[in-house]
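Since the structure comes first, as structure tokens, the remarks are kept for the end.
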Amino acid sequence: WVWGSPVVVSDVAYFGDLDGGVYAVGAANGRLLWKVTVNGPVRSSPAVVGDTVVVNTDSGFVYSLGAGNGVQRWPAVEVDSNTAERLLANPIVHKGMIYVTALGGESLVYAYSHDTGLLQWQFKPGK
């Protein structure tokens, strides 16, 4: 099942599914270009910036994949499982940062380096 909308860049459609697949298919013909399996369902739409596809999963992981081949750019990052549970909203990439929001817990917004995947900051909302 595909939950999030595909993102189309340079005639390639990128999307994830609830079985943990991330796909790149030809936008004109639907031909599979690559498929990668990630840890958990992908409900959100990916972010595509340059030659990178960023996806996050229900189980709290953020992935940076090569747009041309699906190869991981850095090891998957797991949000702090003590303060967050699920990543359902679309990741946003802006000025070298990846922003994700988490459902549940204390920290609802996380910012990671697009280049390394290292956590730069997290936001804990007031009560």
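What follows draws every value from the coordinates through simple rules; no lab data is involved. Quantities reported herein were computed from a predicted structural model and do not represent experimental measurements.
Expressed as a fraction of 2.2 N^0.38 Å, the C-alpha radius of gyration for the chain is 1.01.
Classify the range 86-127 as rounded, prolate or oblate, taking a ≥ b ≥ c as the square roots of the eigenvalues of its Cα gyration tensor: rounded when a/c is under 1.5, otherwise prolate if a/b is larger than b/c and oblate if not. It is prolate, given that a/c is not under 1.5 and a/b is the larger ratio. Largest first, the extents of the alpha carbon coordinates of the range 1-64 on the three principal axes equal 32, 24, 17 Å. State log₁₀ I(q)/I(0) for the range 27-78 at q = 0.26, 0.29 Å⁻¹ as given by the Debye formula over alpha-carbon point scatterers of equal weight, solvent excluded. Cα-only, vacuum Debye calculation for the range 27-78: -1.09, -1.25.
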